[in-house]
Amino acid sequence: MVYHILVKPASYEYHRAHDLEHALELLGELGEDAKPLAGGQSLVPMMNFRLARPSALIDLARLDELRYLRPVGDGLRIGALTTHRTVETATLPGGFGVLSRAARWIGHYPIRSRGTIGGSLAHGDATAEWCVLAVLLDARIVLRGPRGQRTVPAAEFFHGFLSTAAEPGELITEVVFPSPAPRAALTEFAQRQGDFGLVVVAVALETEGGHCRAARVAAGGVGSAAQRLPAVEQALAGAELTERAFAEAARAGVAELEPPEDIHASAGYRRTLTATLLRRACLEAGA
Amino acid sequence: MHDPHLITITVNGTEHEVLTESRHTLADLLRELGYTGTHLGCEHGICGACTVLVDGVPARGCLVFGVQADGREVRTVEGLADGGELSDLQRAFAEHHGLQCGFCTPGFLMLAEAFLAENPAPTRAEIREVVASNLCRCTGYQGIVDAIEDVAGKRAGAADTGTSRP
């Protein structure tokens with residue numbers, strides 16, 4: 001059957017990888033303009049807009065070896081092809097519930113059902129929930145490439161607007177969350193549910209007798225990549241676990257932020273929104 | 001591997017062998033095969049009109065290339081009715097005014113079909129969260145939520161009394 005239809009994406013060569021070794025081989029052979037295709041929930045829209053015009057796609061769908069959630073010591077290893085929905089609905093080891101709760105914020109149900117954690121990290125959107133959580137919880141991103149395997153801490157992985165430490169020929173195979181975060185929360189605000197958050201924040205608190213002993217804070221939408229917010233962390237250290245104390249620390253901590261400005265929100269709005277979301281996230285985490 | 005690709009795809013139980021170009025989406029491919037119930041709206045993953053099930057999992061048909069569906073089982077809106085008999089979900093959409101112009105309806109039906117299979121007893125809040133996946137410009141969503149809630153309740157009732165699902 002031959003048919004002629006109008007199409008959105010530019011042409012590309014489709015390749016199907018049988019396993020990880022085959023995928024790496026294809027990535028090496030096909031060169032820099034070839035892209036791995038996981039769930040396709042970020043890459044395919046970009047192709048439909050022709051913002052992305054890969055010469056070839058390497059379909060990873062058959063790599064079942066990269067779909068898993070495995071406890072390792074105190075930590076949790078997640079295979080790159082694990083879908084958001086799998087993390088959302090999984091029974092995770094104690095202290096990792098924040099991953100499931102955060103996954104609910106990702107896009108919509110059909111998108112969560114196909115989109116993968118590895119794909120989201122590789123895309124590196126500043127407001128992607130996994131990018132913010134990876135930075136918050138010091139996740140380690142495991143890459144395989146022509147020179148073997150290497151592990152990059154999340155703090156060094158996101159380089160700015162949709163750009164990461166992954167080099168040509170490299171594929172994310174796994175993300176490791178090294179330790180549990182029993183008092184952690186992620187929250188965000190978007191104009192419509194399921195849209196990219198204007199701002200996404202996540203906090204992990206360590207508490208002691210009604211006080212916050214130490215806090216880790218990360219945010220997306222306040223810079224070109226997901227990032228820690230050290231000023232907020234300092235302001236939260238020693239704070240009481242009350243809404244008022246959280247609100248004060250958040251307000252003080254965001255004062256120096258210089259978020260981007262666009263048609264959706266001014267920098268000032270994003271700064272105020274960040275403080276509001278931080279208060280909510282702290283309340284959820286500290287509860 | 002160069003275009004076109006010869007793939008085998010099962011749609012609503014019928015196997016098709018078809019040549020497809022790599023950049024053609026699953027939604028395009030389905031329509032070319034005659035399954036024109038799958039509607040294309042935005043073609044970049046926002047509106048959900050092209051929602052179909054791939055191996056039981058809901059997917060935007062515009063964000064999957066046809067060639068990716070090689071060897072997969074796809075369900076479209078044409079697979080819901082049993083012959084001339086509408087499914088309970090389809091009847092509920094009609095009864096609760098869950099559609100007006102009907103353009104978005106196949107996507108909503110497939111979305112709800114997948115969701116109820118996974119979560120047979122959802123809360124109204126959960127239904128509202130799920131229908132936010134797709135865009136409807138006519139109904140204001142109220143009727144769609146009512147329809148899905150009604151079907152969930154009726155299926156649960158049927159399961160309780162031991163009668164089979166319609």
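The values are calculated or read from the model by the stated rules, or taken from the named source; none is laboratory data. If you're wondering where the values come from, they're calculated on a predicted model, not measured in any experiment. Cβ atoms come from the backbone with ideal geometry, glycine included; neighbour counts cover every protein chain shown. The protein model used for the area step is the full one, side chains on, heavy atoms only, and it has no ligands, DNA or RNA in it. Shrake-Rupley method; radii C 1.70, N 1.55, O 1.52, S 1.80 Å.
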Mind listing, in residue-number order, the residues in the range B:1-50 that have at least 40 Å² less accessible area with every protein chain present than in their own chain alone (1.4 Å probe)?
B:Met1, B:Leu19, B:Ser22, B:Arg23, B:His24, B:Glu32, B:Glu43, B:His44
Can you give the accessible area of A:Ile5, probe radius 1.4 Å, in Å² rounded to 10?
40 Å²
If I model the range A:79-179 as equal point scatterers sitting on the Cα atoms and use the Debye formula, what is log10 I(q)/I(0) at q = 0.18, 0.23 Å⁻¹?
-0.81, -1.28
With DSSP loop assignment and no more than 15 other C-beta atoms within 10 Å, the GluC sites (Glu not before Pro) in the range A:236-287 are A:Glu256, A:Glu261
Karplus-derived 3J(HN,Hα), 6.51/-1.76/1.60, for each residue of the range A:95-108, Hz, glycine and proline x:
x, 10, x, 4, 5, 5, 5, 5, 4, 4, 7, 6, x, 10
Leaving ligands and nucleic acids out of the surface, order B:His39, A:His211 by accessible area at 1.4 Å, largest first.
A:His211, B:His39
Rotationally averaged projected area of the range B:4-79 (alpha carbon convex hull; nm²):
4.1 nm²
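With charges only on Cβ, +1 for K and R and -1 for D and E, what is the dipole size of chain B about its Cα centre, in debye, rounded to 20?
Dipole about the Cα centre, nearest 20: 420 debye.
Do you know the relative contact order of chain A, to the nearest whole percent, from alpha carbon pairs under 8 angstrom that are 6+ apart? Mind dumping the intermediate values first?
Numbers: 657 pairs, mean separation 42.4, N = 287.
Reported relative contact order: 15 percent.
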Rounded to the nearest 5, the percent of antiparallel DSSP beta bridges in chain A equals 85 percent
Would chain A count as rounded, prolate or oblate if I go by the C-alpha gyration tensor, calling it rounded below 1.5 in a/c and otherwise prolate when a/b exceeds b/c, oblate otherwise?
prolate
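With the contact rule set at Cα under 8 Å and sequence spacing of 6 or more, what percent relative contact order holds for the range B:47-166?
Details: 153 pairs, mean separation 36.4, N = 120.
About 30 percent, as a whole number.
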Give me the accessible area per residue for the range A:1-89, probe 1.4 Å, as a whole number in Å².
48 Å²
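Give me the percent of accessible area attributable to carbon and sulfur for the range B:4-79, probe 1.4 angstrom.
On the way: 1080 of 2440 Å².
Ligands and nucleic acids excluded, carbon and sulfur give 44 percent.
Roughly speaking, to the nearest percent, how much of the range A:54-120's 1.4 Å accessible area is carbon and sulfur? Mind showing how you got there, number by number?
Working: 1140 of 2310 Å².
Carbon with sulfur: 49 percent of the solvent-accessible area.
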Threshold 20 Å², the range A:113-131 residues less accessible with all protein chains present than alone (1.4 Å probe)
A:Ser113, A:Arg114
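With both bridge residues required to lie in the range A:91-190, what share of the DSSP beta bridges run antiparallel, to the nearest 5%? Spell out each step's value before the answer.
On the way: 13 of 13 bridges.
Roughly 100 percent of the DSSP beta bridges within the range A:91-190 come out antiparallel.
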Compare the Cα positions of A:Phe189, A:Ser11, A:Ala231 along the charge dipole of the protein assembly as shown (+1 at Cβ of Lys, Arg; -1 at Cβ of Asp, Glu; about the Cα centre) and return the one farthest towards the positive end.
A:Ala231
With no solvent term and unit scatterers on the alpha-carbon positions of the range B:88-158, Debye gives log₁₀ I(q)/I(0) at q = 0.13 Å⁻¹ of -0.29
Connecting C-alpha atoms closer than 10 Å in a GNM of chain A, tell me which of A:His264, A:His15, A:His108 has the biggest fluctuation.
A:His264
Once the Cα atoms of chain B are picked out, what are the Rg and Dmax in Å?
16.2, 55
Treat each spin label as a single point 7 Å out from the Cα along the C-beta direction, and report the B:Ala121 to B:Leu86 distance in nm.
2.8 nm
Accessible-area loss of at least 20 Å² in the complex relative to the chain alone (1.4 Å probe) applies, within the range B:66-95, to B:Val67, B:Gln68, B:Asp70, B:Arg72
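Can you list the chymotrypsin sites (Phe, Trp or Tyr not before Pro) in the range A:1-98 that are in a DSSP coil and have 16 or fewer other beta carbons within 10 angstrom?
A:Tyr3, A:Phe49, A:Tyr68
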Accessible area per residue, Å², the range A:120-179 with all protein chains present, probe 1.4 Å:
37 Å²
Evaluated at q = 0.19 Å⁻¹: base-10 log I(q)/I(0), Debye formula over Cα of the range A:116-272:
-1.17
Could you state how much accessible area is buried at the B-A interface, both sides summed, with a 1.4 Å probe, in Å² to the nearest 100?
3500 Å²
In whole percent, the fraction of accessible protein surface over the range B:88-158 that belongs to carbon or sulfur atoms, probe radius 1.4 Å, stands at 57 percent
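Could you calculate the FRET efficiency of A:Arg50 with A:Glu208 from 1/(1 + (r/R0)^6), where r is the beta carbon distance between them and R0 is 35 Å, rounded to 0.05? Can you show the working numbers first?
Numbers: r = 54 Å, r/R0 = 1.54.
Once the sixth-power term is evaluated, E becomes 0.05.
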Which longest uninterrupted range of chain A lacks any trypsin sites (Lys or Arg not before Pro) assigned by DSSP to a loop state (not H, G, I, E or B) and surrounded by at most 11 other Cβ atoms within 10 Å?
A:51-146
Sparse-neighbour loop sites [trypsin sites (Lys or Arg not before Pro); the range B:34-123; at most 14 other C-beta within 10 Å; DSSP]
none
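So what is the accessible area of the range B:88-158 per residue, in Å², with the probe set to 1.4 Å?
Details: 3000 Å² over 71 residues.
Here the per-residue accessible area is 42 Å².
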